[in-house]
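Student: Would you mind keeping the following structure in view while I ask a few things?
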Amino acid sequence: MFGKRITLFKLLGFEVRVDMSWFIIVVLIIWSLAQGLFPFYYKGLSTGTYWWMGVAGALGLFVSIVFHELCHSLVARRYGLPIKGITLFIFGGVAEMAEEPPNAKAEFLMAVAGPVSSVLLGLGFYGIRAVGERGGWPVPVNGVIGYLGMINGLLAGFNLLPAFPLDGGRMLRSVLWGWKGDFRRATRIASRIGSGFGVGMIFLGVFNVLRGNFIGGIWWFMIGMFLRSASQISYQQLLTRRALEGERVGSFMEPNPVTVPPAISVEQFVEDFIYKHYFKMFPVVESGRLMGCITVHRVKGIPREEWGRHTVGELAEHCSSENTIAPQADATKALSIMSRTRTSRLMVVDGDRLVGVIALKDMLKFLSLKVELEE
Ligand SMILES: [Zn+2]
């Protein structure tokens, strides 16, 4: 679902990232504002002014989407849910949750926070515009502010569609969940409706293209495709989570993992460990004591010609809650950490002793067997 992304800044502790697809959309938005919307509503301004209005409008839209996602994230944090960060991509943004919401009420409040914030922000912009019109502010300024009022309303409206995983779909799921008490069934229904909306939009897109509205049609088609796959992925993720629940980390781990001594050079480590075992992370152990871990990512940060001059011990990362887990912890917790830190291996530790390594692929193997046996 996501391609390459760049971290822009940190806001109240949440990393704000953009997906590369966002840049294409920004150019399209600026272009359509400067060449379409603004010249249509505000005639007689110079071409340069329209372009500046377009840039300001796109910037305001960016701030509006970040604000919307930030409100989701703040409510999530209030309920103790870890948020991986806010990512802006082709159709807006997502506040990425690393875990499922704890109860129906928390999910409802988290979901509703987004549209409510957009409505309030939109009303705020309309209020400023009213002041601007009375105060005789320049037409381009009032124009951009008015556009931001309108676009926040649209943002709220689109997100309120009862199509999971959009906010409206999450609200629907939380209501079904609270009513029947069955989270899995609520998710299945909500994601089926989401998928249905997706298919509907795909048809709408094809219909529009056939009628000659090519740009509008492609737009609907893409949103439909996105919605359909997002709703299916969310349901599959839930099934994975549920199948692993109650399973201990200890039962998946490799009890005798390959470890690396801290004294060897990075060059030797690459030759004798990475190219031999193909793992992305190795525990660093010296005479039975766990020192930390060394990752391919860390090695990549060192220029090749310097590999001979550094030791594994110098590059090792310390043990933390990002790369270790206890053997009695729930396997879903390992999955959450892996998803949050984008890794596929964690060290299993008991106090400061290494007892094994847990790998994502072993958990997935277990899942596919479980599905096969229980089907
Ligand atoms: Zn939202």
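Student: Looking only at the range 17-38, decide whether some residue is touching a Pro at 6+ places or on another chain (Cβ under 7 Å) and outside any helix (DSSP H, G or I).
Tutor: No - not one qualifying residue is present in the range 17-38.
Student: While we're here: Tell me, yes or no, whether the range 51-63 has at least one residue that is modelled with pLDDT under 85 and in contact with a helix residue (DSSP H, G or I) (Cβ under 6 Å, 6 or more places away or on another chain).
Tutor: no
Student: Of all residues in the range 44-69, how many are away from the ligand (no atom under 16 Å from the Cβ) and in contact (Cβ under 8 Å) with a residue 60 or more places away in the chain?
Tutor: 7
Student: May I pose another question? Name the residues in the range 243-260 that are among the charged types (D, E, K, R) and surrounded by 17 or more Cβ atoms within 10 Å (Cβ to Cβ), would you?
Tutor: Selection gives Glu247 alone.
Quick grid of which residues meet (1) exposed (fewer than 15 other Cβ atoms within 10 Å of the Cβ); (2) more than 26 Å from Val75 (Cβ to Cβ); (3) touching a residue at least 24 places away in the same chain (Cβ under 8 Å):
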| position | (1), (2), (3) |
| --- | --- |
| Pro162 | no, no, yes |
| Pro165 | no, no, yes |
| Arg173 | no, no, yes |
| Arg188 | no, no, yes |
| Val199 | yes, yes, yes |
| Ile202 | no, yes, yes |
| Met225 | no, yes, yes |
| Ser231 | no, no, yes |
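Student: Still on this structure, please answer the following. I'm told Phe164 meets every condition in (1) under 30 Å from Ala331 (Cβ atoms); (2) hydrophobic (A, V, I, L, M, F, W, C); (3) assigned to a helix (DSSP H, G or I) except one. Can you identify the failing condition by its number?
Tutor: Exception for Phe164: condition (3).
Student: Shifting gears a bit: Cβ-Cβ below 6 Å, separation at least six or inter-chain, first residue in the range 318-332 and open to solvent by 60 Å² or more (accessible area, probe 1.4 Å), second of a type in the set (Val, Ile, Thr): which pairs?
Tutor: Matching pairs, first to second residue: Glu322/Thr341.
Student: Would you mind stating whether Arg309 is touching a Ser or Thr at 6+ places or on another chain (Cβ under 9 Å), open to solvent by 50 Å² or more (accessible area, probe 1.4 Å), farther than 27 Å from Asp362 by Cα and not hydrophobic (A, V, I, L, M, F, W, C)?
Tutor: Criteria met by Arg309.
One line per residue, one yes/no per condition, for (1) in contact with a His (Cβ under 9 Å, 6 or more places away or on another chain); (2) modelled with pLDDT under 95; (3) away from the ligand (no atom under 14 Å from the Cβ); (4) closer than 16 Å to Leu33 by Cβ:
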{"residue": "Ala113", "(1), (2), (3), (4)": "yes, yes, no, no"}
{"residue": "Val119", "(1), (2), (3), (4)": "no, no, no, no"}
{"residue": "Ala130", "(1), (2), (3), (4)": "no, yes, yes, no"}
{"residue": "Pro138", "(1), (2), (3), (4)": "no, yes, yes, no"}
{"residue": "Gly143", "(1), (2), (3), (4)": "no, yes, yes, yes"}
{"residue": "Ala156", "(1), (2), (3), (4)": "yes, yes, no, no"}
{"residue": "Ala163", "(1), (2), (3), (4)": "no, yes, no, no"}
{"residue": "Gly168", "(1), (2), (3), (4)": "no, yes, no, no"}
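The values are calculated or read from the model by the stated rules, or taken from the named source; none is laboratory data. Everything numeric in this text was worked out from a predicted model, so none of it was measured. Cβ atoms come from the backbone with ideal geometry, glycine included; neighbour counts cover every protein chain shown. The accessibility values were calculated without ligands, DNA or RNA, using every heavy atom of the protein model including side chains. Shrake-Rupley method; radii C 1.70, N 1.55, O 1.52, S 1.80 Å.
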